[in-house]
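Sharing a structure here in C-alpha cells format.
The values are calculated or read from the model by the stated rules, or taken from the named source; none is laboratory data. Just so we're clear, the structure is a prediction, and the values are computed from it rather than from any experiment. As a convention, Cβ positions derive from the backbone with ideal geometry for all residues, glycine included, and neighbour counts pool all protein chains shown.
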Amino acid sequence: MAEVRDLLAGVNKPLDPANLADLEKKHVPVIDAPATAAKGQPITVTVEVGKLMPHPNEPAHFIEWVDLYEDRLFLARADFTPGKVNPKVTFNIVLTQSGTLRAFERCNIHGVWEGDRAITVK
C-alpha cells in the first residue's frame with residue numbers, strides 16, 4: 001500500500017530518491033551546478049521544476065516560486081506567473097565554503113518541495 005502524506009503539512013522530499021513517483025518527478029526542484037567551485041568566484045546555478053517530468057503551468061495549477069539556499073542561508077528567490085513562465089531559473093552566486101545548495105519550490109496545489117546538491121569549495 002502506498003504511503004499517504006499530507007503535502008501541505010511541511011516541506012516535501014522524495015520518499016525514495018532512487019525510485020521517484022510521478023508526483024515527485026513533477027515537483028522536486030533539480031539543481032544544476034558544478035560539483036566544485038573556487039572560493040569567492042561566481043558560479044552559475046540553474047534550478048528547474050519539472051525537469052524529470054513536466055509540471056502543469058496553467059492558471060489553476062502552477063509553480064509559484066523557487067528559493068535557493070546555501071545550507072540555511074537564503075540566497076535568492078524567483079517568482080513565476082501562471083501560464084506564462086516555465087519554472088526554470090538561473091542564479092549567479094558566490095560561495096566561500098563547501099556545503100549543500102538547497103532549492104525549495106511551491107506548487108499552488110501540492111505545497112512546498114525541496115531538492116539539494118552538495119558542492120565543494122576549494
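Mind checking which pairs have a first residue in region 56-73 that is under 19 Å from I31 (Cα atoms) and surrounded by fewer than 17 Cβ atoms within 10 Å (Cβ to Cβ) and a second that is modelled with pLDDT of 95 or more and among the hydroxyl-bearing types (S, T, Y), Cβ under 7 Å, 6 or more apart or different chains?
D71/T100
I'm trying to understand the selection: among the residues of region 35-67, which are farther than 20 Å from G83 by Cβ and not in a strand (DSSP E or B)?
A35, A38, K39, G40, Q41, L52
Need the failing condition index for I43 against (1) without any contact (Cβ under 8 Å) to a residue 40 or more places away in the chain; (2) surrounded by 12 or more Cβ atoms within 10 Å (Cβ to Cβ), just the number.
(1)
Then there is this: Take the residues of region 22-34 that are surrounded by 14 or more Cβ atoms within 10 Å (Cβ to Cβ) and in a loop (DSSP other than H, G, I, E, B): which is nearest to the chain's Cα centre (by Cα)?
P29
Same structure, new question: Answer yes or no as to whether D6 is farther than 16 Å from C107 by Cα, in a loop (DSSP other than H, G, I, E, B), more than 16 Å from the chain's Cα centre (by Cα) and not aromatic (F, W, Y). Quick ask: steps written out before the conclusion?
On the way: farther than 16 Å from C107 by Cα: no; in a loop (DSSP other than H, G, I, E, B): yes; more than 16 Å from the chain's Cα centre (by Cα): yes; not aromatic (F, W, Y): yes.
Considered against the rule, which asks whether it is farther than 16 Å from C107 by Cα, in a loop (DSSP other than H, G, I, E, B), more than 16 Å from the chain's Cα centre (by Cα) and not aromatic (F, W, Y), D6 comes out as no.
Another question, if that's okay. Assess whether L7 counts as being out of contact with any strand residue (DSSP E or B) (no Cβ under 6 Å at 6 or more places or on another chain) and closer than 26 Å to D79 by Cβ.
Details: out of contact with any strand residue (DSSP E or B) (no Cβ under 6 Å at 6 or more places or on another chain): no; closer than 26 Å to D79 by Cβ: yes.
So L7 does not fit the description; no.
When the residues of region 77-102 are narrowed to those that are touching an Asp or Glu at 6+ places or on another chain (Cβ under 7 Å) and surrounded by 14 or more Cβ atoms within 10 Å (Cβ to Cβ), which ends up nearest to K13 (Cα to Cα)?
Only one residue fits best here, namely R102.
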